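The values are calculated or read from the model by the stated rules, or taken from the named source; none is laboratory data. None of the values given here were measured: they were computed from a predicted structure. Using ideal geometry, Cβ is built from the backbone for each residue, glycine included, and neighbour counts are taken over all protein chains shown. The area values use the complete protein model at the heavy-atom level, side chains included, leaving out ligands, DNA and RNA. Shrake-Rupley method; radii C 1.70, N 1.55, O 1.52, S 1.80 Å.
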Amino acid sequence: MIGIIGAMDIEVEKIKGFLTDISTETISGVNFVRGKFDGKDIVVAKCGVGKVFAGLCAEAMILKYAPELIINVGVAGCLDETLKIGDIVIADNVCQHDMDTSPLGDPIGMLSDINIIKFPADKKACELFADCAKELCLPYSIGTIASGDQFVSSADKKKFITDNFGAKSCEMEGGAIGHVCYVNNVPFAVLRAMSDGADDGAKMDFPTFAKMAAENSTRVIKTFLSKF
Ligand code: ADE
């Protein structure tokens, strides 16, 4: 079983659409759509926006479906100046840019107790995503994806995230899904298409380009699932 999580309908609707033999169930308010694609068992869920929704969805998915891999898919703000709207960022690791116990002497972003800042994504999935982006002629870059419970739309916040985490992209779920997968020992991957530049223009760009970007991420996922 491969699990796929997106925050919004536009990020998962088309993926659900190419599944066959569909069944659904709702757990903790999240609708899980199970089906088949290319002979593989897939479960897809729309988790809602933000780290708590994403974390609870990943936990429920792991406990109920025992996926061998969880993929977080969708759109994100671009922090990599070499990329344009619609291009792809593949996580080799994820972090939570709004986690901060630095007044107690910890590094910014460190999760207390487990003492981790960056959760490594599955290497094989990351490499296969890169092959798929290449095959589809979609420009891509591989690096840190930083998550936080905020829509990033200022130069100052962008600089904070790039300075502290060297991230290539920012969004609101991948770091929580990586965290939940890490503590459950489940491999994960995050694939995002750029919907905006996470800057002053982001509140205009996001509604304009999110759908197109989500379509690009869906194309990469479909290719990935046929090769996995
Ligand atoms: N998802 C898409 N664009 C984003 C942004 N600028 N900040 C956070 N999440 C996003």
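Numbers at a glance
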read-out: The stretch 73-91-the stretch 105-152 distance, computed between alpha-carbon centres (Å); value: 11 Å
read-out: Largest-first ordering by accessible area, 1.4 Å probe, given options LEU191, LEU128, LEU56; value: LEU56, LEU128, LEU191
read-out: Residue-level accessible surface for SER28, protein heavy atoms, 1.4 Å, Å²; value: 100 Å²
read-out: Neighbour count of at most 14 Cβ within 10 Å plus DSSP loop: longest GluC sites (Glu not before Pro)-free window in the chain; value: 82-228
read-out: Loop-located trypsin sites (Lys or Arg not before Pro) in the stretch 25-99, at most 14 other Cβ atoms within 10 Å (DSSP); value: LYS84
read-out: Unit charges at the beta carbon, dipole of the chain: most positive-side option, THR223, THR82, ALA45; value: THR223
read-out: FRET efficiency for LEU136 and ASP163, using Cβ-Cβ distance with R0 set to 22 Å, rounded to 0.05; value: 0.10
read-out: Point-to-point label distance, LYS124-LYS14, nm (Cα→Cβ direction, 7 Å offset); value: 2.7 nm
read-out: The chain: most fluctuating residue of PRO120, PRO187, PRO103 per GNM, C-alpha cutoff 10 Å; value: PRO103
read-out: Of all DSSP beta bridges in the chain, antiparallel share, percent nearest 5; value: 40 percent
read-out: Mean-position separation - Cα centroids, the stretch 10-36 and the stretch 197-228, in angstrom; value: 19 Å
read-out: The chain: Cys lacking any partner C-beta under 4.7 angstrom; value: CYS78, CYS95, CYS126, CYS132, CYS137, CYS170, CYS181
read-out: Value of relative contact order over the stretch 2-227, rounded to a whole percent, pairs C-alpha under 8 Å and six or more apart; value: 28 percent
read-out: R0 of 22 Å, Cβ-Cβ distance LYS84-ASP149: FRET efficiency to nearest 0.05; value: 0.25
read-out: Förster-model FRET efficiency, 35 Å R0, LYS227 and SER28, C-beta, rounded to 0.05; value: 0.65
read-out: Reachable lysines, given that their alpha-carbon falls under 22 Å from the alpha-carbon of LYS222 and they are not under 8 places away in the same chain; value: LYS14, LYS16, LYS36, LYS40, LYS46, LYS84, LYS123, LYS124, LYS134, LYS211
read-out: Fully extended contour minus Cα-Cα distance, from LYS203 to ASP100, at 0.36 nm per residue; value: 34.5 nm
